[in-house]
Amino acid sequence: MSPKIVPWAVVAATLAGAAWFAAAMTVGGDRSALLIGETTDAHHQIELACETCHAAPAFASAAKAEKALNRACRKCHDKELKAADDSHPRRKFRNPRMAVYWEKLDARLCTTCHVEHRPEIVRASAVTVAMDFCVACHSEGDQDVRAERPSHAGLAFDTCASAGCHNYHDNRALYEEFLVRHAGEPWLADAPAHELSARQRVRKRPARAALARGDAVAPRAALADPAWLDRWADSGHAAAGVNCGACHAPKAGKNATRETVEASWIEAPGTAVCEDCHRPQARTFVLGRHGMRRHPRVAKPRDPLRQLRKIGLSEFVPETVALWLADPAPPTTMTVAEARIPMRSDAAHGTLDCGTCHTPHAVDVRHAAAEACASCHDDPHTRAYFASPHHALWRAELAGEAPPGTGVSCATCHMPKTERRGRIATDHNQNDNLRPNEKMIRPVCLDCHGLGFSLNALADGALVERNFTGTPAVRVESIGWATRRAQATKREAGG
Amino acid sequence: MKRTLLTIAVLAFGIGSAVAAEGIPFRKVADMLYQVMSADREVYTRMVVQRLTVDKKVITASEHFEDDSALPLPAQMFRFGAERVMDQTEDFSYALLSLNPINKKNGPGTDLERKGLRYVLENEGENFYGEEELGGERYFAAVYPDYAVVEACINCHNGHKDSPRRDLKVGDVMGGVVIRIPME
Amino acid sequence: MLTFAEEILLLLGDEEGVFLPVEEHAFECALAGAVLMDLAFAYRIDTDLEKLVAIDPAPTGNPMLDRVLEKIVARTDTTDTRTWVGVLSREDAAVLREQALESLAGRGVLERRDGRFLWAFGAVRYPALDDGAVRTIKARIEDVLSDDIPHPRDVALISLVDACEILPDLFPDRDVAAFGPRIALLRRMDLIGREVAGTIADIQRTVVREARARAARFQKLLLVLSAFGGLGVAATLLSPPIPLADRFGPGLFESLWYDGVWKQWSGYLLLGLSVAGLGVATIVKKRLVARIAGSHGWRLFHIVLGIACVLVLFAHTGFRFGANMNAALMAFFVAALLSGALAGAAIGGTPRLRKMGIRKTGRQNRLLIGLHAVAICPLPALLIVHLLSVYLY
């Protein structure tokens, strides 16, 4: 190759590359090369569904793009913020009388503190500003906490959120009156048990008749393996009167015969079949990291033909070329390998749907509540669980040596039971109470433990890592300060 | 409860945008908004809080109404309405403020608020009107006196541990309602 | 009869009126030497070891020579040949060049042709009307370099041509190295045999010395600037990203690297500097200014632009390479800057390398400049994608 051709070849190659990129941006195609930096944990699962967040039209003004971006945040996260009784809701700061704070830290925008694709500035909880951000508004004037609370006079602003006392959004278990009300509680209640778990475990089963081995209605070939049949007969499904056809031939209907079941038999039914009956579980599953790829708000792949029409090129690009440019099909489930926390290498290829934890023929929620987690998760906290006091309680409950609700499995804390309109269901969003970990106090910890002990335990990172084997080495001062202030004002009012 | 809040907000929003379009003076718009707010506020205070908590003693009203399964305090009720409006529009905004707030963030935040709150405190029965610039935009602002209409108001304000003033009587001006309308 | 200056310019021009790429300082010194030699042959000046003096202030009738003669006469303090080669090459080279070209145009040897290129670049060219004159001069030089008994003027001309180091360009199909001993012999033989012989030899020596000294100064500057740029690139490559203070508040770095407005300023500034650098390189390479001399300033400016790019790149990225497509853009840009700095340093460091025994540096220099060009090729495309991705997402 003569030296003169080299630069031209490079120019041609790069122009072709640019064209390909331009097509990927405007029409369709793999856009992973366009990511400007690692996406934060969890969001990385949907990072190639760009339009989920980048919802503004192309070349929208910076202000509009920012607005659209923030609207996208709210679409997915508003409900949980509302449930958390957000201490700094956007609506509070939209009032123009708060304009003076907009300059300091614009709390009207999620993106003020949570910027994406900037791995180098991501701190705990995907915060992208320095963790002493409280200083922006609470260090002067009426909002100066050091002036307002003598106990806080010498405290540094990076300890507000790190000492187990305050969160920016969720302070449901941390606000002053709550602390005072729960002051002086013993570390462990007299009869520690998770009320909802206990109630759910002893709840009445549906009136439908339980099915036995002989009741199975399925094609002959499917019944050939006795092992499967045995497992089903022992399962909760059989106990609840769910026959083979319910999952393998849902079209056959309720009064299915072997013939109708055989006619619409599905060898490996998808998760849609599960979702049909287990709606609350399915609804919450897609809210957590395990199932968020199927969250309805995640943008669908772009239709290349529509994209071409949008930019007015549909007449110039043959349909076959357009279809070739289509977005790669997004994975519907997360694989273990994609997790960013320590996982077992032998589980790397596993995917995450209902069947991952709930083996369909032996639906055993006891397995799903602990062993299933450890079949993938391989971090110190998980490993330590099996030697922890919580696990001992769980074993005792399973063995029938302790009353229902006294055992503590992984799910007890991470997928707690919730009650909604009188129905108790397992929250399948295992992130719901995970971060900041004080979120766990009210729905979980306080069932058995006192608030003071819970605060101390959760603030002790090493103890969390040991899965609460031992006693907290950290002491959170908040309850003491709150009670002293309450007593002082009471004395003042009295005197 | 939620429905009531929504109704107030929608009603108030409806008035706000309609009259602005027909060129009614800002002052008049603010006065009308205030009429709706203050009427609903008084109704909630008298017919719900005072009646059920003080007169009939069937339920309590609490700052932590969620945890206590209690009624939201009238001031909270009013603030929720104001925040709800902020969720929906930027055409107007309002707030319940005081020179002696229990929660510091409900104290005066701008010069106009300070001036207006003092004015309605010192000039009984009069409102305060003015203009100010916030965040680069010009606003018409009106401040209306807010009275302690029933016992429930002063019971709480005189007894709260964070209250800076504990000698309130029924009929006193406790603070003011500030309504703002962007002028452009 | 043509003056030496005119003869040199004729030798340097090609058919299009574009001039050979001659070492700028050598050319300027040769031009100064040419005028002094003409004045010496016309018995107007004389030199000895300490001074150069006008022995006859009478005009020669050639405006170019007379201008210089007046200047020499007007100067009252004692000045030697070196000073005059220095003064004339620095202050008068451009005027001398224009005068010589105009004189050639007046004689009908060259034609003056005004051209404009891209509005900004005025390109006056002087294509030869007939190349007979050039051929005659070339033949004279060739004859002397072969075996003929040289005419004193030819010896003087050869000494000037040699000082410009353009023999290889004049005789591309001859082994110029073989002329070496003959030139050395000519220089040693006192063939001129005239009263001006000493003066001519003095001027010739001074021209060569002065040209070398000035070239060395330029190369030193080139080396220093390139090294400075190279250090900047090395920092970009090797330094870890500058960490941000873990303290809330508006900081300069936070604004630089995480504020969209600042990012756009630094980004477009970078683009502007890069385009300017490319433009300067094109001017030098294509000789759009159509001047023999004057490219050294552009070259230095090119390097200064490169250094500015390194600095603004820091302001834009804070040593962060980014990921994926951004990382590719960054990699190619840094590669372009690095190869540019290395090429500059290599060219500037040539004398040093020679001293260290590394002689054949031309190939490496060309390779580095080639790499510089190749690294630049993908940049426009990557930049378009970079910009699009910023405004589309």
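The values are calculated or read from the model by the stated rules, or taken from the named source; none is laboratory data. Note that the coordinates shown come from a computational prediction; the quantities given were computed from them, not determined experimentally. Because the Cβ atoms are built from the backbone with ideal geometry, glycine has one as well, and the counts that use them run over all protein chains shown.
Among the residues of the range A:225-243, which ones are under 15 Å from A:ARG208 (Cβ atoms) and assigned to a helix (DSSP H, G or I)? Scanning the range A:225-243 gives A:GLY236, A:HIS237, A:ALA238, A:ALA239. Is there a residue in the range B:78-91 that is of a type outside the set (Gly, Ala, Ser), over 19 Å from B:VAL49 (Cβ atoms) and either in a strand (DSSP E or B) or more than 10 Å from chain A (Cβ to nearest Cβ) (or both)? Yes, the range B:78-91 contains at least one residue that is of a type outside the set (Gly, Ala, Ser), over 19 Å from B:VAL49 (Cβ atoms) and either in a strand (DSSP E or B) or more than 10 Å from chain A (Cβ to nearest Cβ) (or both). For A:PRO280, state whether it is in contact (Cβ under 8 Å) with a residue 60 or more places away in the chain, in the same structural domain as A:LYS417 (by TED's automatic domain parsing) and under 32 Å from the mean Cα position of the chain (by Cα). Yes; evaluated as a whole, the condition is true for this residue.
The set of residues in the range A:418-430 that are part of a strand (DSSP E or B) and more than 15 Å from the chain's Cα centre (by Cα) comprises A:THR418, A:GLU419, A:ARG420, A:ARG423, A:ILE424, A:ALA425. Please enumerate the residues belonging to the range B:59-114 that are of a type in the set (Ser, Thr, Tyr), farther than 22 Å from A:HIS138 by Cα and in contact with an Asp or Glu (Cβ under 8 Å, 6 or more places away or on another chain). Once the filter is applied, which keeps residues that are of a type in the set (Ser, Thr, Tyr), farther than 22 Å from A:HIS138 by Cα and in contact with an Asp or Glu (Cβ under 8 Å, 6 or more places away or on another chain), the range B:59-114 yields B:THR60, B:SER62.
Results for (1) out of contact with any Ser or Thr (no Cβ under 8 Å at 6 or more places or on another chain); (2) of a type outside the set (Ser, Thr, Tyr); (3) not assigned by TED's automatic domain parsing to the domain that holds C:ALA34, shown as yes or no for each residue.
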{"position": "C:ASP66", "(1), (2), (3)": "no, yes, no"}
{"position": "C:ALA100", "(1), (2), (3)": "no, yes, no"}
{"position": "C:LEU110", "(1), (2), (3)": "yes, yes, no"}
{"position": "C:GLY132", "(1), (2), (3)": "yes, yes, no"}
{"position": "C:THR136", "(1), (2), (3)": "yes, no, no"}
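Filtering the range A:100-127 to residues that are β-branched (Val, Ile, Thr), touching a residue at least 40 places away in the same chain (Cβ under 8 Å) and in a helix (DSSP H, G or I) leaves only A:THR111. So which residues in the range C:371-393 are within 7 Å of another protein chain (Cβ to nearest Cβ) and among the small types (Gly, Ala, Ser)? Residues satisfying the conditions are C:ALA373, C:ALA381, C:SER389.
Please state which one of C:PHE228, C:PHE218 is touching a Gly at 6+ places or on another chain (Cβ under 9 Å), part of a helix (DSSP H, G or I) and aromatic (Phe, Trp, Tyr). None of the other options fit; the residue is C:PHE218. The residue pairs whose first member lies in the range B:152-181 and is within 12 Å of chain A (Cβ to nearest Cβ) and touching a residue at least 24 places away in the same chain (Cβ under 8 Å), whose second member is surrounded by 16 or more Cβ atoms within 10 Å (Cβ to Cβ) and of a type in the set (S, T, N, Q), and whose beta carbons are closer than 6 Å, counting only pairs six or more residues apart or on different chains, are B:PRO164/B:ASN100; B:ARG180/B:SER93. Scanning the range A:156-178 for residues that are more than 12 Å from chain B (Cβ to nearest Cβ) and part of a helix (DSSP H, G or I) turns up A:PHE157, A:ASP158, A:THR159.
Screening A:PRO3, A:PRO89 for residues that are at the interface with another protein chain (Cβ under 9 Å from one of its Cβ atoms) and at pLDDT 95 or above leaves exactly one candidate, A:PRO89. When A:ALA147, A:ALA130, A:ALA153 are checked against the criterion of being without any contact (Cβ under 8 Å) to a residue 12 or more places away in the chain, away from chain B (no Cβ under 13 Å) and on the phi < 0 side of the Ramachandran plot, A:ALA153 stands alone in meeting it. In the range C:23-130, counting only helices (runs of 4 or more DSSP H) that sit wholly within it, the ones holding 2 or more residues that are farther than 26 Å from C:MET1 by Cβ span C:24-41, C:81-87. Of the residues making up the range A:338-388, those that are in contact with a Phe, Trp or Tyr (Cβ under 7 Å, 6 or more places away or on another chain) and closer than 15 Å to A:PHE468 by Cβ are A:ALA370, A:SER388. Out of C:ILE358, C:ILE347, report the one residue that is over 24 Å from A:GLU38 (Cβ atoms) and either modelled with pLDDT of 90 or more or crowded, with 18+ Cβ neighbours inside 10 Å (or both). Unique residue meeting the criteria: C:ILE347. Could you tell me whether the range C:250-263 includes any residue that is of a type in the set (Lys, Arg), modelled with pLDDT of 90 or more, buried (at least 17 other Cβ atoms within 10 Å of the Cβ) and not assigned by TED's automatic domain parsing to the domain that holds C:HIS25? The answer is yes, given that some residue of the range C:250-263 is of a type in the set (Lys, Arg), modelled with pLDDT of 90 or more, buried (at least 17 other Cβ atoms within 10 Å of the Cβ) and not assigned by TED's automatic domain parsing to the domain that holds C:HIS25.
The conditions of being within 14 Å of chain B (Cβ to nearest Cβ), in a helix (DSSP H, G or I) and surrounded by fewer than 16 Cβ atoms within 10 Å (Cβ to Cβ) are met by A:ARG71. Scanning the range A:14-31 for residues that are in contact (Cβ under 8 Å) with a residue 12 or more places away in the chain and facing chain C (nearest Cβ under 7 Å) turns up just one, A:PHE21. In the set (1) over 25 Å from A:VAL273 (Cβ atoms); (2) of a type outside the set (S, T, N, Q); (3) outside any loop (DSSP other than H, G, I, E, B), A:PRO328 fails one condition alone, (3). If we keep just the residues of the range A:310-355 that are free of Cβ contacts under 8 Å to residues at least 40 places away in the same chain and of a type in the set (Ser, Thr, Tyr), which is surrounded by the fewest Cβ atoms within 10 Å (Cβ to Cβ)? Among residues in the range A:310-355 that are free of Cβ contacts under 8 Å to residues at least 40 places away in the same chain and of a type in the set (Ser, Thr, Tyr), the one surrounded by the fewest Cβ atoms within 10 Å (Cβ to Cβ) is A:THR320. For the range B:92-103, the candidate set comprises residues that are hydrophobic (A, V, I, L, M, F, W, C) and within 10 Å of the chain's Cα centre (by Cα); within that set, the residue that is farthest from the other protein chains (Cβ to nearest Cβ) is B:LEU96.
Restricting attention to the range A:264-318, the residues that are out of contact with any strand residue (DSSP E or B) (no Cβ under 7 Å at 6 or more places or on another chain), of a type outside the set (A, V, I, L, M) and under 22 Å from A:ARG423 (Cα atoms) add up to 10. Only one of the numbered conditions (1) in a helix (DSSP H, G or I); (2) within 14 Å of chain C (Cβ to nearest Cβ) is violated by A:HIS138, and that is (1). Condition test on C:ASP114, is it at pLDDT below 80, surrounded by 15 or more Cβ atoms within 10 Å (Cβ to Cβ) and among the acidic types (Asp, Glu)? Criteria not met by C:ASP114. Counting the residues of the range A:221-254 that are surrounded by fewer than 13 Cβ atoms within 10 Å (Cβ to Cβ) and either touching a Cys at 6+ places or on another chain (Cβ under 6 Å) or touching a residue at least 12 places away in the same chain (Cβ under 8 Å) (or both) gives 1.
What number of residues within the range A:244-277 satisfy the criterion of being under 23 Å from the mean Cα position of the chain (by Cα) and in a helix (DSSP H, G or I)? The total comes to 7.
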